[in-house]
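Comments concern the structure below.
The values are calculated or read from the model by the stated rules, or taken from the named source; none is laboratory data. Quantities reported herein were computed from a predicted structural model and do not represent experimental measurements. Glycine also receives a Cβ, built like all others from the backbone with ideal geometry; neighbour counts cover every protein chain displayed. Surface areas here come from the heavy atoms of the whole protein model, side chains and all, with no ligands, DNA or RNA. Shrake-Rupley method; radii C 1.70, N 1.55, O 1.52, S 1.80 Å.
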Amino acid sequence: MRFRTSDPRRAARIATVGALALMTGLMTGTGEANDTRVAEADLDYTCESPSGSVPVAVKVAAELPLTVNIGTPVQVSDVKVLLTLPRSAVSGLPGIDSALVSGSASVAADVSQRGETTSVPWQGLEIPEGPVPAEGDLELQATGDVPTITPRSSGSIGFALGHLDVGLAFRAVEGEAADRSPAPSPLSLSCTIDPDQSAELADVDVPPLAGTPSPGPGDAPGEPGASRNTTGLSAEPKAPDVPEPEPGKVRVPADCTVMAGPIPQVPKNAHGYMAGYSNVNKLHGAAKFSDPGLLRLNLNTSVSFLSCPTGVKSWLTTDGTLDYHGKPQLPPAKATFLTFGFMPTTAKMELTLEGRVDIGTLGDSAPDPDTQQYKETTTAVALLRIRLYDVDVNGEPLDVGANCRAVRPMELELVGKGSTGTNGPVGYTVKTGGPLTGTSDIPPFTGCGVTEDLDNLLTASVSGKDNFTKMMQSPLCVEGVPANCPEPTKPTPER
């Protein structure tokens, strides 16, 4: 992150050329070796902020291939967005002269082929933390991964830049200054390209397959990928015997083959409770689901027998749902974090199940020779939609509205390991409960904010990968079995 002191927007762009040339020059050799090049675009944007309209100079650099074949993903890599924000945009914020700034940005990339255009969001580009200077404009750099796309027909694919959203958060520098002056309030910017500019970034050539005619003008490139690092416009071909994984569904282990089944069973109704913690890595804290959630299950819906590298095993399936006042949800979790490492933030998190909870248990057909226990591993998969509400920042309400939620469901996969046998149940089993652990990726947020767009602020502070979750499940009350009925014990969360 750099800062400059001159005011004119065009001069600002010239002043940053040397830094960006150095930045992109390091990639030139790699780009040539892999038949790629670094594309750049200079654009003037006008951004709406709470204090009014501000001009922002934007420079975008990205590495793209020169040519791809039909069915080959177009990978846009090393995306860098340099923003020159006039000092006037932040000069009125209290405490700005002794603050640190960080945040995120998103750019709408318009992808076109043969007259058809679709918008692919480049979301969650992160702006690392750096100091705000005493004077001069702010130069911020956002970087991150963006979706790939895959062409289904020949013809040049064009990439152009569109709407830009920026979210910035500030914190006071540690020490006496932090005690004397609170950090400025978060700042969100909604930016559109100034007219009479070319927003083109690059073209990628897609030649026709040998011996096939070129498609006509009406042939479209397809649809954008729904998530980062997917095949994008269309799925890459897979072998016929490898089905596309279905999100939210538990799957037979990849190194096992089905010998027999699935054989339908007559399931039994069962219910129990779950409570635990879910980390939010970016906030260096965890949401505590201390009010146990009710889990309703159809126990043992089918059984299969598998041939695995370690022997023959059984594969027992169960499914179910959550029940919170008749809704498929966990009870809301209230959490307090230090947003961006310094700002006390309290929020309520609501997790709503989409579809069903899918459970599979892989069990040994022979006991362990030392313990005489039958080992088993249970995997539970669920798609959960996250909603945030009742948000307070530094003791002040932040009006995120009623529809501040993740752009797509979060896939949560939890695993429990245990055994049954002469020593009784040990560790986790579906019937007797115990600890389940796993990780999940929190998607970007949308619909946040009433008077201003807070999507980027929530995405920058909450969204991220590999968030650890540990849930404790109670023993189940199973239909026709008196143990643990009518109400099982409620578990205590454990870290």
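Which of the residues spanning segment 80-111 are surrounded by fewer than 19 Cβ atoms within 10 Å (Cβ to Cβ) and closer than 30 Å to S154 by Cα? Within segment 80-111, A108, D110 qualify.
So which residues in segment 420-447 are touching a residue at least 24 places away in the same chain (Cβ under 8 Å), closer than 18 Å to T318 by Cβ and part of a loop (DSSP other than H, G, I, E, B), if there are any at all? Once the filter is applied, which keeps residues that are touching a residue at least 24 places away in the same chain (Cβ under 8 Å), closer than 18 Å to T318 by Cβ and part of a loop (DSSP other than H, G, I, E, B), segment 420-447 yields Y428, V430, K431, T432. Scanning segment 56-77 for residues that are more than 12 Å from V204 (Cα to Cα) and either surrounded by 19 or more Cβ atoms within 10 Å (Cβ to Cβ) or at pLDDT 95 or above (or both) yields V56, A57, V58, K59, V60, A61, A62.
Tell me the residue from G395, G433, G418 that is more than 20 Å from the chain's Cα centre (by Cα) and open to solvent by 60 Å² or more (accessible area, probe 1.4 Å), please.
Working: G433 fails: open to solvent by 60 Å² or more (accessible area, probe 1.4 Å); G418 fails: open to solvent by 60 Å² or more (accessible area, probe 1.4 Å).
Step by step, each of G395, G433, G418 is checked, and only G395 is more than 20 Å from the chain's Cα centre (by Cα) and open to solvent by 60 Å² or more (accessible area, probe 1.4 Å).
Going by the structure shown, is P253 open to solvent by less than 60 Å² (accessible area, probe 1.4 Å) and at pLDDT 70 or above? The answer is yes for P253.
In this structure, does G480 turn out to be of a type in the set (G, A, S) and either in contact with a helix residue (DSSP H, G or I) (Cβ under 8 Å, 6 or more places away or on another chain) or over 19 Å from K268 (Cβ atoms) (or both)?
Working: of a type in the set (G, A, S): yes; either in contact with a helix residue (DSSP H, G or I) (Cβ under 8 Å, 6 or more places away or on another chain) or over 19 Å from K268 (Cβ atoms) (or both): no.
So G480 does not fit the description; no.
Within segment 344-351, none of the residues are in contact with a Leu (Cβ under 6 Å, 6 or more places away or on another chain), within 22 Å of A254 (Cα to Cα) and open to solvent by 10 Å² or more (accessible area, probe 1.4 Å).
Conditions tested, residue by residue: (1) assigned to a loop (DSSP other than H, G, I, E, B); (2) open to solvent by 70 Å² or more (accessible area, probe 1.4 Å); (3) under 27 Å from V146 (Cβ atoms); (4) at pLDDT below 65.
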position	(1), (2), (3), (4)
P221	yes, no, yes, yes
S234	yes, no, yes, yes
A286	no, no, no, no
R296	no, yes, no, no
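Within segment 299-337, restricting attention to residues that are surrounded by fewer than 16 Cβ atoms within 10 Å (Cβ to Cβ) and not in a strand (DSSP E or B), the residue that is modelled with the lowest pLDDT is T310.
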